[in-house]
1. Can you find, among Phe438, Ile454, Ser478, the residue sitting farthest towards the positive end of the charge dipole of region 435-479, where Lys and Arg contribute +1 and Asp and Glu -1 at Cβ?
2. Using the alpha-carbon centroid of each, what span in Å lies between region 63-103 and region 592-615?
3. Note the angle between two axes, namely the Cα long axis of helix 175-187 and the longest principal axis of the Cα atoms of the chain, as a number of degrees from 0 to 90, rounded to the nearest 10.
4. Using helices alone, what [θ] at 222 nm do you get for the chain, with -39,500 (n - 2.57) per DSSP H run of 4 or more residues, divided over all residues and rounded to the nearest 500?
5. Using Cα pairs closer than 8 Å and at least 6 residues apart in sequence, work out the relative contact order for region 74-191, in percent.
6. How far is helix 29-44 tilted, in degrees, relative to the longest principal axis of the Cα atoms in the chain, given as a value from 0 to 90 rounded to the nearest 10?
7. Hey, how many Å between the Cα centroid of region 463-517 and the Cα centroid of region 220-279?
8. Specify the angular offset, from 0 to 90 degrees and rounded to the nearest 10, of the alpha carbon long axis of helix 428-439 from the longest principal axis of the alpha carbons in the chain.
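Each reported figure results from applying straightforward, stated rules to the coordinates on display, with no laboratory input. Note that the coordinates shown come from a computational prediction; the quantities given were computed from them, not determined experimentally. Using ideal geometry, Cβ is built from the backbone for each residue, glycine included, and neighbour counts are taken over all protein chains shown.
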Amino acid sequence: MRTEIDELRALIRYHEHKYYIENLPEISDADFDVLLKELKELEAATDVPIPPDSPTQRVGGGAELGTRLQHRNPMLSLNNSYDENELREFAERVQRLLEDAPVEYVTELKIDGLGVSLIYENGVFTQGLTRGDGEYGEEVTDNLRTIRSVPLRLVETKTAVPPVLEVRGEVFLPKDCLDEINVQRKSEGELPFANSRNAAAGSLRLLDASITASRPLDIFVYTLNHAEGTEFTTHTTSLENMKTWGLKCNPHTTSHKSIEAVQDYYERWVEERHDLPYETDGVVVKVNNFSQQHELGTTSKYPRWAVAYKFNAQQAITTIENIEVQVGRTGVLTPVAILKPVTLAGATITNATLHNEQEIQAKDIRIGDRIVLERAGDVIPKVVEVLTTNRTGDETPFEFPERCPACDTPVQRTEKEVAVRCVNVACVAQLKRRIAHFASRNALQIEGLGPATIDQLVDKALVRDVADLYALEVEPLSELERMGVPSARNLVRQIDRSKETPAEKLLFGLGIFHVGETVAELLIERFLSLDALGRATLEEIESVNGIGPQIAESVFDFFRHNQPLLDKLRAADLHCFTVAAESNWTEMSIATDSFFSGKTFVVTGSLEGMTRGEASNEIKSRGGRVTSSVTSKTDYLIAGEGAGSKYTKAVELDIPILTAVDFFEKLQQPTK
Ligand code: IVH
């Protein structure tokens, strides 16, 4: 028999669905609050435990961040298309692989937020993960529960809710909420979020779920990933069912019989997306039929049955109010334009890098200039043009500083490079950047160690080098501004967890000049440990395939001058000092017989959707070798967007060049 409490819960769920999912409220907010209050009172008056799917249980206890869990199957990313030709190429490939069988496409808006996976067991929401790196996500169940459009319990319909259901979707922050949150953040002395996506990600990964609850996050579910015992034949029927179970799917999803119709849909949204209350950065095109999706399969990174057809970069005009100079971890001085805030592709832009002194001179950029700013997808906004005809005469040419703005040491200019440097190794600005690099995602991955915390740690002399991080305790940390005990505890936990980082990531994290991810991997592959690398002679380092004399010297010098730091890290119990890495080069090189096996590659420039580290892993897993400099021994250069000197060198040496598209094609070829 349903109790009064059960009835009330069902009624509240019904109204939540009407309000947050269908956007068709039937009662006022005040009446809704009365119902919720009544339920809370009834629950408080009984001894019966409150089930986690009760509408009163959206804000629970403190969320535990940092629990990384493996996804049931990888949350893949999407390959991108940027124009009609690339869309056609996608369709041609689909047709070719499906041997010209008729194909129906589904188009959806590509929501610019944060990918998540939601698990329902017996209809109750039990676990939520972020996409993370695709393989492992971070548990954010408590924070997802606060999102009103995430049903805590699904509705039974004629298609029974499967006992275990995993759906995937995008959490986002509506456009008009960003400004509001940023005004509040600034008043609290915090940095504003650059765009809605960052705001959504930041809000979902907060330690305090009650703050997440105060952010009006929303969700669109776009994939049924796993439905035990239930089979659908098409993506559209799965979406229809998910909707009937109470999940929120985007209403602008359409199916098409031809790729021309897909192009029409795209063109419609190029215009109309500006009227949507949320950010979209393209259209996702999917093959509708599940058995065809299955036949097309996936690469390790992308499904072959879907593509993201991205909207073009957008431009905006604004004014340069000032030019500031920032000091990087290697001492390079980078000029940054401080802009009159302008909205561009959904983000409020307040600054843009001007790269270096030469760039300012070449474009004749002055303080007070009106400029054209461009931003494409994730890329940092850049100044594409100075509107010189708008000049009033009040603009001031910029004088590059002769002294480091952080430590006042005279800067150094050399003929060899455009960069201007601060050569003071004790410069605090450099130390701060080195710590940020050490903690970054591809290095030691210490979550929660952001710029504001690093500033305080260095300024208060709690940290004088990266090894000092391992001596930090909750007590002084929690006294830092905007920290508090839960965040301090989490940070200490994250720092502790980073002790398990493998040697190549630590080597990369040390920020040695010329040692990027690939070089670090090559060195550890050869020497297996930092200690062995530290003992190696210059000749031994240089003899590693892919390591040139400049890199070898830089590494050799680093180990000569930084023994105290390395000793301190060893004493801090970083595991890679005691556990040697395993060499798997020989195994891998004979493991597969693919286009890549036995060949040597260099990867340069940016490959849309894949980092160079990921590209290297793909090559290595197919038996190829990746080196960092182009020599006569290089078999192929893989050149992405913005390839520079390596490209020129490859042309000079007549080394074959693969574009990003060629490379992705090769990756898709099956290994024998
Ligand atoms: S489908 C294997 N559909 O875009 C299928 N993704 O750049 C992968 N995204 O990681 C996802 N809107 O987080 C799909 N309607 C939509 C989407 C969408 C946004 C995100 C998703 C994905 C990223 C790829």
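1. So the residue we want is Phe438.
2. Region 63-103 and region 592-615 have Cα centres spaced 19 Å from each other.
3. The angle comes out at about 60 degrees.
4. Mean residue ellipticity at 222 nm (helix-derived): -10500 deg cm²/dmol.
5. Relative contact order here is 26 percent.
6. Helix 29-44 sits at roughly 90 degrees to that axis.
7. Taking the Cα centre of each part, region 463-517 and region 220-279 sit 42 Å apart.
8. Once rounded, one gets 50 degrees.
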